[in-house]
Every structure is written in structure tokens, then in C-alpha cells.
1. So which of Y413, Y377, Y398 is at negative phi, in contact with an Asp or Glu (Cβ under 9 Å, 6 or more places away or on another chain) and among the hydroxyl-bearing types (S, T, Y)?
2. Has the range 155-170 got at least one residue that is acidic (D, E), more than 16 Å from the ligand (Cβ to nearest atom) and at pLDDT 95 or above?
3. What is the residue count in the range 121-150 for residues that are surrounded by fewer than 22 Cβ atoms within 10 Å (Cβ to Cβ) and among the hydrophobic types (A, V, I, L, M, F, W, C)?
4. Any residue at all in the range 426-434 that's in contact with a Ser or Thr (Cβ under 7 Å, 6 or more places away or on another chain), within 16 Å of the ligand (Cβ to nearest atom) and on the phi < 0 side of the Ramachandran plot?
5. Taking the range 355-374 on its own, how many of its residues are crowded, with 16+ Cβ neighbours inside 10 Å and not in a helix (DSSP H, G or I)?
6. For the condition touching a strand residue (DSSP E or B) at 6+ places or on another chain (Cβ under 9 Å), assigned to a strand (DSSP E or B) and either touching a residue at least 40 places away in the same chain (Cβ under 8 Å) or surrounded by fewer than 19 Cβ atoms within 10 Å (Cβ to Cβ) (or both), what is the one hit in Y76, Y101?
7. Could you please find all residues in the range 285-316 being under 21 Å from I162 (Cβ atoms) and surrounded by fewer than 17 Cβ atoms within 10 Å (Cβ to Cβ)?
8. It is to be established whether one or more residues within the range 270-280 are crowded, with 19+ Cβ neighbours inside 10 Å and touching a Ser or Thr at 6+ places or on another chain (Cβ under 6 Å).
Amino acid sequence: MNRSDFGEDFCWGVSTAAYQIEGGITADGKGPSIWDVFTQKKNKIFGGHNGNIACDYYNKFTEDIYLIYQLKIPHYRFSIAWSRIFPEGVGRINYKGIDFYNKVINLCLELDIEPWITLYHWDLPEELQKKGGWTNRDVIQWFSNYVSCCVQHFGDRVSNWIVLNEPMVFTGAGYFLGVHAPGKKGLNNFLSAVHHAALCQSAGGNIIKSLQTSSNVGTSFSHSHVEPYRQEDEKDQKAAVRVDALLNRLFLEPVLGMGYPIDDLPILKRMEKHIKGNDMQDLHFKMDFTGLQVYTRELIQHDFWMPFVQARLIKASDRFVHHTIMNWEVHPNSIYEAIKKFNQYEGINKIIITENGAAFDDFFYGESIIDDLRKDYIKSHLKKLLKAKEEGFKVNGYFIWTLTDNFEWAEGYKPKFGLIHVDFNTQKRTIKDSGKWYRDFLSSAGL
Ligand code: BGC
């Protein structure tokens, strides 16, 4: 397997997200986000960790972007912290926040690294959460205003935009399970957050297109390949269909103009009370590309007692299969299955894997950091991606999650996904073997 096997126009990249790396949570006028507040609550985050300093990227972005350059990675996806630009979420613009991202973008361009901006990677301004956050329909207005501002200030140099990162995860974990910020629970919170986020997905896309006709706009969907736990069991099969509708189709199908997958997940009928006027048409947006984020597969068992879906996931550790520190099964074929499935949708023209990667422990050997499991994970997924491509399925890019070890949400700093190790006491960066491998692969040395 060589880089050239994927074709000349294939985008190779690496992804990061603001809250997970930046730190500087009050620097230069930044307002608080829901993650700044959530991480202060007791027993929410592993070890009581938070993103107050994280990788100190706010001060060290130059070093990190130079590392991307050194690794020869041509595309860099990062997110904007909404509350750096609008400390209160709307109204007053903080020009120091704009300056920061201008410096990031300019350095990328200077080094010939193509910037990809994610507009929302989960860090809603806290002032907006005080008004209900994603459960308040006004979020469409707040978000539209923020998106216009970003395009106006950065659109002269950036043309690749990801509107939302994994809306299913931030609504599900943040507004249904309460395990991510803002820690809300319950079906009503969840369904209203889902509908408003889905409307923002299309509203954001339309705004970018109207301000920048040459833009390349998409949004990123989490996707876990879903299978019944007992392949032949009819109840497990039906449970798997419901979970697939919830995890993988809930945000994708409305943006394609197909509405919500109510037939396969009847609980979604309760969304009706949040749907107004032309909403169902307004959910539709013609994406230039579809971002697909794949990490694992889930096996699903029917469970009568589980509210709303009557299904449960069987953890990888309980199945005794090879898994990462996140307890996610290592299952490379999932990327192939996801690409194949997305290819079956008529409205999808271009697929970019905007995240794929793995958390494993690293081993220090002299000056080297050995992380063969991560390297093998990436290679095995790339092989399956290539198989999909060779069979004629559309797939045009691959971004590794992630550049440096960072703050992994509710799991704190424990799981390490980076191609680059960070010593969080000294902020020293060391390229791991996986990073060196990616560099060599991108230099076309192959496997
Ligand atoms: C998210 C990242 C996260 C990664 C690993 C994705 O769900 O976009 O922010 O760190 O997966 O959990």
C-alpha cells in the first residue's frame, strides 16, 4: 500500500478540536463555554481533569503547526471556539479571538498546509446554555450569526468548512445521557436539541454557500457499523436496525432531504412537537462532501427494559475482542462498511473520513515512543478504505484523529490518541512511531 494507490487528489490530513487542545480558557477575552463549566462539576470527568491548559496550543500553536509540516501532512482540520469570537455567544465580537485564528490560518498557508475549519466541535458558549443552549430554537439564529462572522473573517483564506462535528454525539451525550457538557438528560431535551442541531446543520451550510460560492462545505457524522449480537436472532436484528437509525441515520437523512428515520425508530414521532412551518424542507442542504468519522463497530442485543430503543450495546471487553483504551472494538472492516453504506445514498457525492484513530498506551524506549498498536490500527483501516476505493466506492480523504495527545472529554487525559506525545507537566512534544510512519507513508515510502 502506497500513498499513490489512493490517487493524486486524495486529501490526507489530521484533525483536532479547540477545547481538547487550546487551553487559554480566559485568555484575551474568551468567554466561558459549556465545557469550562461542566469540567468544574464533581465526578463528571475522569480524575477531575479539565481543558484549562490542555496542550497549551493557544500559546504553542506555532510549534504544533510546524510539527504538522514536519510530518508532511498536507491538510489540517481544527475547530473554532465559538466563545473566543463571541464571549457571550452573540453580540459583541472579540477581535483578539479573530486574531488568534488568523494567525493559525496564516501559518498553515505559509507552510502550504490546507486549513479545514470545523465551526462547532461541542463547546457552546455558556451564556447561550443559560438560555437553554441547543434546546432553545433561538440557537438557529445564534449559530447563523456566528457562522456568518467566521466566513466573513476567515473566508478570504479558508474554503473548507465542516458545519457540525458529530451532532449525534453532542446531543446524545450532552442532552440525553448527561455525560458530556452541558450534562442535561431526558428525551425531551434530546429531541429538541436534535431538531435544532439538524436545522443548524443546513442553515450553517446555506450561509457559507451564500457568502462564499467557491466554498467546500460539509458536516461530520459519527458512524459505528452496527450488527445484531446474535446474527440469526430476529429480535436482535430489529434492535440493530433501531440503533443504526439512532446512531447513524438521525442527522444524515434529514440533511439529504429524507426526513428523520421515524419508520425504523418510532420514538422519533415525539419530535413532532418541535417541528414548525417549513422545517422539514429547511433541514435539507446539498453538501459538497460528507464527513464520516469511524472508530469501531457495535453489536446490539434486544433488551425489553431499555427505554426508547429496547436495545443495548454489548461492550467489546465483554466480548473478549481486541479493543482500545476506550473499550472500542478494533474492527477495520467497519470503515469499509460505512463507506459502502454512505455510497448507497443518492445525495452523497463525496466522502471524506474526517476522523479515524485509536487510543492505546505508548511505550518509551530511549528517545523513541513505540505505539505499534496505533500504527497497526491506522494501517489496517487504510487497507479497508483502499479496498472500498478499488471497488469503486467514493471516498476522497482521510484525516487521522489526532495530532497530539489531548483532553478526551469525559475520559480526561487518560486515553491517548495522538501521533505526537505530550508530556503534560512540561508540554514537551515527542513524535511517536505512528507519527513517523504517517510521515514516511505520506512521503510515499509505502508500507
Ligand atoms: C470526536 C473527538 C474525540 C474522538 C475520540 C470523536 O467522537 O469528534 O472529539 O476525541 O471521537 O473519542
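1. Details: Y377 fails: in contact with an Asp or Glu (Cβ under 9 Å, 6 or more places away or on another chain); Y398 fails: in contact with an Asp or Glu (Cβ under 9 Å, 6 or more places away or on another chain).
Checking each option against the conditions leaves just Y413.
2. Within the range 155-170, the subset acidic (D, E) is 156, 166.
Applying the additional criterion that residues be more than 16 Å from the ligand (Cβ to nearest atom) yields 156.
Narrowing further to those that are at pLDDT 95 or above: 156.
Within the range 155-170, one or more residues are acidic (D, E), more than 16 Å from the ligand (Cβ to nearest atom) and at pLDDT 95 or above.
3. As a first pass, look at the range 121-150 and keep what is surrounded by fewer than 22 Cβ atoms within 10 Å (Cβ to Cβ): 127, 130-132, 136-138, 140-141, 144-145, 148-149.
Checking the rest, the ones that are also among the hydrophobic types (A, V, I, L, M, F, W, C) come to 140, 149.
Summing the residues that are surrounded by fewer than 22 Cβ atoms within 10 Å (Cβ to Cβ) and among the hydrophobic types (A, V, I, L, M, F, W, C) in the range 121-150 gives 2.
4. Quick first cut of the range 426-434, residues in contact with a Ser or Thr (Cβ under 7 Å, 6 or more places away or on another chain) only: 429, 433.
Pick out the ones that are also within 16 Å of the ligand (Cβ to nearest atom) and you get none.
Within the range 426-434, none of the residues are in contact with a Ser or Thr (Cβ under 7 Å, 6 or more places away or on another chain), within 16 Å of the ligand (Cβ to nearest atom) and on the phi < 0 side of the Ramachandran plot.
5. Total satisfying the criteria: 9.
6. On the way: Y101 fails: assigned to a strand (DSSP E or B).
From the options Y76, Y101, the qualifying one is Y76.
7. K286
8. Looking for residues that are crowded, with 19+ Cβ neighbours inside 10 Å and touching a Ser or Thr at 6+ places or on another chain (Cβ under 6 Å), one finds none in the range 270-280, hence no.
The values are calculated or read from the model by the stated rules, or taken from the named source; none is laboratory data. Predicted, not measured: the structure shown is a model, and the values here were computed from it. Every residue, glycine as well, gets a Cβ built from its backbone with ideal geometry; the counts of neighbours run over all protein chains shown.
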